[in-house]
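The values are calculated or read from the model by the stated rules, or taken from the named source; none is laboratory data. All of these numbers come straight from a predicted model, not from anything done at the bench. Heads up, the Cβs are rebuilt from the backbone with ideal geometry, glycines too, and the neighbour counts pull from every protein chain shown.
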Amino acid sequence: MKLIQLSVFLENRPGRLARSCRVLADAGIDIVAANVVDTREFGILRLIVADAEAATKALAGAGYAVNRAEVVAVEVADRPGSMAVILEALDAAGVNVEYAYAFTERRGARAALVFRFAQPEAAIAALQRAGIPVIGPVEAFRAG
């Protein structure tokens, strides 16, 4: 139930983000979810892709520093308060959220959120106890 997220380190300069995405496109790798965070000097492109192994190889081969991390994606009703319910379930279990971002594709009347936890197994157990659907393989992002 954990997904592999790639973090690609980029200089914060014009064209760097486009080039990294072109590397993936040329390798035929589908980006399923993405998030970019930045500082004045550099950015981190966080990705969930259809093939993490191939993406890591393509990006590293193009000279990018790539880190892999386990993340958890959950399905949430697309209405006010849905994220609060998830966060309250995690809080009740003593699970800290390191960061989160939304997945852009809608799943009917539902959306998806991606979370990074220091303790993903504890987070998954807390989410399941609360009846919050945890999304499995990357292909599940396209279901619905």
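Structure notes:
- Single match in Gln128, Gln119 (criterion: modelled with pLDDT of 85 or more, outside the structural domain of Ile29 (by TED's automatic domain parsing), polar (S, T, N, Q) and under 23 Å from Val8 (Cα atoms)): Gln119
- Residue check for Asp78: at pLDDT below 90, assigned by TED's automatic domain parsing to the domain that holds Val134, surrounded by fewer than 19 Cβ atoms within 10 Å (Cβ to Cβ) and closer than 30 Å to Ile132 by Cβ: yes
- Single residue of region 35-59 satisfying the filter (in contact with an Asp or Glu (Cβ under 8 Å, 6 or more places away or on another chain) and in a strand (DSSP E or B)) that is nearest to Val134 (Cα to Cα): Val49
- Hits in region 45-54 (condition: more than 16 Å from Ala18 (Cβ to Cβ) and in contact (Cβ under 8 Å) with a residue 12 or more places away in the chain): Arg46, Ile48, Val49, Ala50, Asp51, Ala52, Ala54
- Residue within region 9-31 that is of a type outside the set (Val, Ile, Thr), surrounded by 14 or more Cβ atoms within 10 Å (Cβ to Cβ), touching a residue at least 40 places away in the same chain (Cβ under 8 Å) and within 28 Å of Leu127 (Cα to Cα) present: no
- Residues of region 24-34 classified as assigned to a helix (DSSP H, G or I) and either of a type in the set (Ser, Thr, Tyr) or within 19 Å of the chain's Cα centre (by Cα) (or both), total: 2
Per-residue answers, yes or no, for (1) more than 21 Å from Leu113 (Cβ to Cβ); (2) at pLDDT below 95; (3) touching a helix residue (DSSP H, G or I) at 6+ places or on another chain (Cβ under 8 Å); (4) in the same structural domain as Ala100 (by TED's automatic domain parsing):
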{"position": "Glu11", "(1), (2), (3), (4)": "yes, yes, no, no"}
{"position": "Arg16", "(1), (2), (3), (4)": "yes, yes, no, no"}
{"position": "Arg22", "(1), (2), (3), (4)": "yes, no, no, no"}
{"position": "Val32", "(1), (2), (3), (4)": "no, yes, yes, no"}
{"position": "Gly63", "(1), (2), (3), (4)": "yes, no, no, no"}
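- Tally, over region 35-61, of residues that are farther than 16 Å from Leu113 by Cα and at pLDDT 90 or above: 14
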